[in-house]
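> This is the structure, below, for whatever I ask next.
No value in this document is a laboratory result; all are computed from the given coordinates. In this text the structure is predicted, and so the values were computed from the model without any measurement. Cβ coordinates were reconstructed from backbone atoms using ideal geometry, including for glycine residues, and neighbour counts include every protein chain displayed.
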Amino acid sequence: MDGRSPEISIIIPVYKVEKYLRECLDSISSQTFGDWECILVDDGSPDRSGEICAEYAARDPRFHVIHRENGGVSVARNDGLEVSRGRFISFIDPDDIAHPEMMARLRELLISHDADVAQVSYELLFKSFKKEKPLVDSVIDLDRGKVAQELLYGRKLPCYVWNKMFRREVIDTHFPDGMVFEDMYVMSQWVGNIRKMVISPEILYTYRQRCGSIVNSNYAENRLEYLKSVFRLAYSLRALEPLNVSDKVVYKCVWKGVICAGKNISRYVDDATTRVGAVSKIGILCRDIHIPSVRSLGIKTWFRIHLLRANPKAFSRMMRFVYIFSSHKYKRINNQFD
């Protein structure tokens, strides 16, 4: 690295993505805004990913490679942060694709709106089609209170870090080592440093849908960790922004997470003992949480909450039946994952 600091630091953790990595790195090379450094953290990848990283670094001095023993995505991102020098920070996943205008547009949004974080919309990439996910209808600004609200609603502001750009000053907490859904944790911590955030509807990031990220041997445990992350997010934002994040908002977010976790475990975990055991753990995790009125939650959600807490086995059977009844639809979708 030379002595001059680049405008943007792009951090990419790399592990077992040999099949997709070149497409990702080519998308970085093709950025129309050229004052960037890309820090590739080879997280002890057993395939040729590390060699591909070295190849791009030899070809373009803006690419820098860190080779380390495997420690997980959080440790890899933290290593990248430690050596980054940019005024602005972006995170890209190594199997995804950045639009050529992504860095230029995010930087422009940050500067023109005097914002601390900028976000663009994205598309889902399946085997044979793409699905756009415009998160807003037009460019909008959010103050910190609105950011906290939207992180819980999840519609305009999902807790991913990869479709965003941050001013360096925002990032004062490292990614938690060993925690699943680490993006959700750091976003809840970084909110306290955000005065303003700007969100654009432009589709400038391609999020590849991979089968391994949905169904794997640790799926039930991952869903339980997801739920714990939802709890952390909701309660930390309630403490940070009590005037903007009400108890009502917190409970709706928490219960939405509970039902989502229970429903997905019921659908995707085939072993009945594991499935019912995981749903029972969810019931234990949420047994002391206040349940809002049926009018506030809606009859379907209200009923599912009470069923899950009272009879996890019956809840699992009902969710499983609904899934099997519509299995042709879900199977058709799942078969499109890479």
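> Please report the relative contact order for the chain, taking Cα pairs under 8 Å with a sequence separation of at least 6, and give it as a percent rounded to a whole number. Don't skip to the end; give the middle numbers.
Numbers: 595 pairs, mean separation 54.2, N = 338.
Result for the chain is 16 percent.
> Still on this structure, I have one more. Compute the distance in nm between two label points, each set 7 Å from the Cα along the Cα-to-Cβ direction, one at PHE303 and one at ASP271.
About 3.2 nm, to one decimal.
> Taking neighbour Cβ counts within 10 Å as the exposure measure, how do MET318, MET187 sort from fewest upward? Please list the in-between numbers first.
On the way: MET318 17, MET187 23.
Ranking MET318, MET187 by Cβ neighbours within 10 Å, fewest first, gives MET318, MET187.
> Here's another thing I want to ask about it. Based on Cβ point charges of +1 for Lys and Arg and -1 for Asp and Glu, what charge dipole magnitude is obtained for the chain about its Cα centre, in debye rounded to the nearest 20? Walk me through the numbers on the way to the answer.
On the way: 50 positive and 43 negative charges, 469 e Å.
For the chain, the charge dipole is close to 2260 debye.
> What is the local net charge at GLU69, summed over the other residues whose Cβ is closer than 12 Å to its Cβ (Lys, Arg +1; Asp, Glu -1)? Working shown, then result.
Numbers: positive: ARG68; negative: ASP42, ASP43, ASP79.
Net charge in that neighbourhood comes out at -2.
> Next question. What do you get when you divide the Cα radius of gyration of the range 215-334 by 2.2 N^0.38 Å, with N the number of residues?
Working: Rg = 14.9 Å, N = 120, 2.2 N^0.38 = 13.6 Å.
That ratio works out to 1.10.
> At a Förster radius of 22 Å, what calculated FRET efficiency corresponds to the Cβ-Cβ distance of ALA239 and ILE289, to the nearest 0.05?
On the way: r = 16 Å, r/R0 = 0.74.
The pair ALA239/ILE289 has a calculated efficiency of 0.85.
> Could you please rank ASP177, ASP79, placing first whichever residue has the fewest other Cβ atoms within 10 Å of its Cβ?
Numbers: ASP177 11, ASP79 19.
Ascending Cβ contact count within 10 Å gives the list ASP177, ASP79.
> Report the Cα centroid-to-centroid distance between the range 1-44 and the range 247-297 in angstrom, as an integer.
Cα centroid of the range 1-44 versus Cα centroid of the range 247-297: 38 Å apart.
> Quick one: work out the % antiparallel among DSSP beta bridges in the range 8-209, nearest 5. Spell out each step's value before the answer.
Details: 16 of 41 bridges.
Bridges in the range 8-209 are about 40 percent antiparallel.
> If the reach is capped at under 19 angstrom between alpha carbons, list the aspartates and glutamates near LYS252, excluding any in the same chain fewer than eight residues apart.
Straight-line reach from LYS252, under 19 Å: GLU150, GLU225, GLU241, ASP288.
> Using Cα positions and a limit of under 15 Å, work out the aspartates and glutamates in reach of LYS16, with same-chain residues fewer than 8 apart set aside.
Result set, ordered by chain and number: ASP42, ASP43, ASP47, GLU51, GLU69, ASP93, ASP95, ASP96, ASP338.
> Please give the peptides 115-121, 247-253, 94-100 ranked by average Cβ packing (other Cβ atoms within 10 Å per residue), highest first, as a rough proxy for protection. Before the final figure, lay out the partial values.
On the way: 115-121: 23.7, 247-253: 17.0, 94-100: 21.7.
For the peptides 115-121, 247-253, 94-100, the packing ranking is 115-121, 94-100, 247-253.
> Let me ask another. Between their Cα atoms, which of LYS263/LYS313; LYS156/LYS196; LYS281/LYS313; LYS131/LYS228; LYS131/LYS263 are more than 19 Å away from each other?
Details: LYS263/LYS313 12 Å; LYS156/LYS196 15 Å; LYS281/LYS313 11 Å; LYS131/LYS228 29 Å; LYS131/LYS263 23 Å.
With Cα atoms farther than 19 Å apart: LYS131/LYS228; LYS131/LYS263.
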